[in-house]
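Working notes, beginning with the structure itself.
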Amino acid sequence: MTRARPGGGASPPADAPGNDPSREGARADARAAGGEPGPSAGAARPSRAARLALGVLAAGLAVAAAGVAFLRPAGGVRPNVILIVWDTCRGDRVEVNGYARPTTPRLAAFARDAVTFRECRTPAPWTAPAHASLFTGLLPRGHRMREGMGDTVRPGIPLLARTLREAGYETVSVSANPVVSTLTGLTDGFEHDFQRFRIPGSGVTGNAVRDQVRSWGLRRRSVRGDRRPVFLFVNLMETHLPYVAEPSAVAAVHGDAAVGPATAAAAAVGDLEAKLHVAGVRRVDDGTVAALSLAYDGAVREVDRITGEILDFLDGEGLLDGALVAICSDHGENLGEHGELNHAFSVYEPVLHVPLVVRWPGRLDGGRTEDAQVRLHDLYATILQATGVPTPAGCGLDSVPLTEFPLRPRPVIAEYGPMARSRDAARAAMPDAPEEAFASFGHLFRAVIPAASPGAPRPKLVLVDERVPGRAPVVVREELFDLTADPREQRDLLGAAATEAARDAAGEVARALRALGEAGR
Amino acid sequence: MRLSPRFWVVPAVLAVASIAVAGGMRSDAAVESRGPVHAVVSGDLRYEFHAAWRTENLWRRDAAGVWRRVAGPDAAALDGLRARLLAAHGASSLDDIPGIATDELEAFRALGYL
């Protein structure tokens, strides 16, 4: 670097060629600062204003160049980011996590050159807060969106799309879920916000999402000059009630005999029926619940197929070259466990455990599997790391990149509720239900799982508080499970069946986990 | 009839106070809209009206600069900020501010959430 000497001009380095414009510029700047007359001083010398303008221009270019260099990752090229969310897909129903049925052949093929995080948990078993965590790197208590029904993300916290867009990314959302839309503000920052909502009776499925991605991609190809890196977010809803139980998909997973019961159950049980079941107003019988599980697997097979077709298209367009591609779910689904359906009012494993497979050539690849516990919102820090974009103030506080090697397990804190606005809607939808059926809407459900090495005991605390504004929380339920020995959460270590000594020991663990849950990280 | 100078004291004080309040409203209150959320920020208070859900949120910025939702809203603060939003929209009540994202809301309802 050339610096001006006090009282004199710049001292050119010995190897500086005389016609190097950058170094010449440095000398000119030094002369302007130190007052040394230049070799061409005289009539042709630029005016002071012109030199000042040139100086400002040069400084601006230098700052811009430094900014670009700062924003780019070490490799120099900012990768595309492709984020595909399988809304409501359970972690235990995908082959890469050990499921024995052929639900996800395309995901398995993708995983052969990616990293599979087999123990990923969501911070919230409901679309709005889970996506808000994914887009901010914060727990729900940090971003404050709990219902997404009029409550917004905390002011001053930019979502991932806005951060990437301001860093020069083309940001594209294709969402099948109306929860991920302008309605909740979760698509803020996406310059293309395509809505392909899969709602009952619309006839719209994930095929429409796939076609929209193709349409956008083809248009992008035809536009010359726009070669910004891309952040493409896709939300697919096949595994959300009412399940898309395509006969061919159900047959591929469970055989032809399953098609009839599965399609009948999928047609019979929608969101309202699940609500009535959970509220205890009208229970869905066990046979239908079992058939619903078959339908669900067919829906997983469908979302897998559509994802494969989207990836095929993106690959053909060259958009996957060097890209970070993440396939995940926002939360899981109850299929009769603990008497539950849908994904409300529950923080048990069926709704917390989600699939997560990430490919980022050179960092997350090779077909590796990781059994250390991670969180869905760890993707936030991973994406910013890959793009080289600095984390905005207040964001990413609960998120750690998945590139850490060896990967250390991270504590999980998950929250659901209270759902005050949903209660009003449920009362209207179920006018005959007794008032006690709506008690859960006022509860805060929490789960705490500490960081534990794979194979070691993994205690999990389930805590349900009644929350009334202006009053201290009242504990409604507290349970402790060991996920290693009891992955289905059937034996409550705080329950009456345990011995007194075991209950005392469990109580100690529960207290520690409660403190961890309160601390937040 | 000639009024005593004392008579003018109260109106004068009120006028000065009104001007000060109005001036304060103009100088430190910012009205902004992003998507369906209309917001008024005044000092460390932020009022939001969600034009899709028709809900109001009140936030207060703490010493660390973090916005925290006010659980039991201060009615006076809420009224003042709401009035500023209405004035900015030329509306006499929140009902006059048109709904936004109505298609999304219908989709949300059709999915069974409402």
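Read-outs: derived from the displayed coordinates by stated rules, not from any lab. Bear in mind that the values here come from a model prediction, so they are computed numbers and not experimental data. Every residue, glycine as well, gets a Cβ built from its backbone with ideal geometry; the counts of neighbours run over all protein chains shown.
Listing for the model above:
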{"read-out": "Amide H within-cut-off set for A:VAL230, under 5 Å, with H built and near neighbours excluded", "value": "A:ASN80, A:VAL81, A:GLU170"}
{"read-out": "Net charge of neighbours whose Cβ lies under 15 Å from the Cβ of A:GLY417, counting Lys and Arg as +1 and Asp and Glu as -1", "value": "+2"}
{"read-out": "Within-12-Å neighbourhood charge of A:THR187 [Cβ basis; K, R +1; D, E -1]", "value": "-1"}
{"read-out": "Segment A:136-179: C-alpha gyration tensor shape, a/c 1.5 cut-off, then a/b vs b/c", "value": "oblate"}
{"read-out": "Residue order, fewest to most surrounding Cβ atoms within 10 angstrom, among A:TRP216, A:TRP86, B:TRP53", "value": "A:TRP216, B:TRP53, A:TRP86"}
{"read-out": "For segment A:352-463, size of Cβ-based charge dipole, Lys and Arg +1, Asp and Glu -1, in debye", "value": "280"}
{"read-out": "Centroid-to-centroid separation of segment B:35-85 and segment A:340-366 [C-alpha atoms, Å]", "value": "35"}
{"read-out": "Distance from segment A:151-167 to segment A:452-521 (C-alpha centre basis), Å", "value": "34"}
{"read-out": "Total charge dipole magnitude, segment A:470-521, about the Cα centre, Cβ charges on Lys, Arg, Asp, Glu only, Debye to nearest 20", "value": "260"}
{"read-out": "Taking segment A:277-425 and dividing mean pair separation by its residue count, relative contact order in percent (alpha carbons under 8 Å, at least six apart)", "value": "20"}
{"read-out": "Calculated FRET value between A:ALA505 and A:ALA109, using beta carbons and R₀ = 56 Å, to 0.05", "value": "0.80"}
{"read-out": "Two-site label geometry, B:GLU56 and A:ALA451: point separation in nm, points 7 Å out along Cα→Cβ", "value": "4.4"}
{"read-out": "At R0 = 51 Å, FRET efficiency that the Cβ-Cβ distance of B:ALA76 and A:GLU404 yields, to 0.05", "value": "0.55"}
{"read-out": "Two-site label geometry, B:ALA87 and A:ALA268: point separation in nm, points 7 Å out along Cα→Cβ", "value": "6.2"}
{"read-out": "Positive dipole terminus of segment A:96-209, leading residue within A:ALA111, A:THR171, A:THR205 (C-beta point charges)", "value": "A:ALA111"}
{"read-out": "For segment A:379-521: rounded, prolate or oblate by the Cα gyration tensor [a/c cutoff 1.5]", "value": "oblate"}
{"read-out": "For A:ASP193, distant residues with modelled amide H under 5 Å away", "value": "A:SER173"}
{"read-out": "Selected from A:SER440, A:ALA452, A:ALA429, residue furthest toward positive end of dipole (segment A:423-482; charges at beta carbon)", "value": "A:ALA452"}
{"read-out": "Segment A:ALA485-A:ARG224, extension gain: residue separation times 0.36 nm, minus the distance between their alpha carbons", "value": "88.2 nm"}
{"read-out": "Globularity ratio of segment A:207-345, using Cα Rg and 2.2 N^0.38 Å", "value": "1.28"}
{"read-out": "For segment A:402-455, the fraction of alpha-carbon pairs in successive 5 Å shells from zero, as %", "value": "5, 15, 17, 14, 9, 9, 8, 9, 8, 5, 1, 0"}
{"read-out": "Other protein chain Cβ atoms within 10 Å, averaged over every residue that makes up B:47-56", "value": "4"}
{"read-out": "Tensor-based shape of segment B:43-114 (alpha-carbon gyration tensor, a/c under 1.5 rounded, otherwise prolate or oblate)", "value": "oblate"}
{"read-out": "Within 10 Å of each Cβ in B:98-106, the average number of Cβ atoms from other chains", "value": "4"}
{"read-out": "Selection from A:ASN342, A:GLY367, A:PRO355 lying farthest towards where the dipole of segment A:338-383 points positive, charges on Cβ", "value": "A:GLY367"}
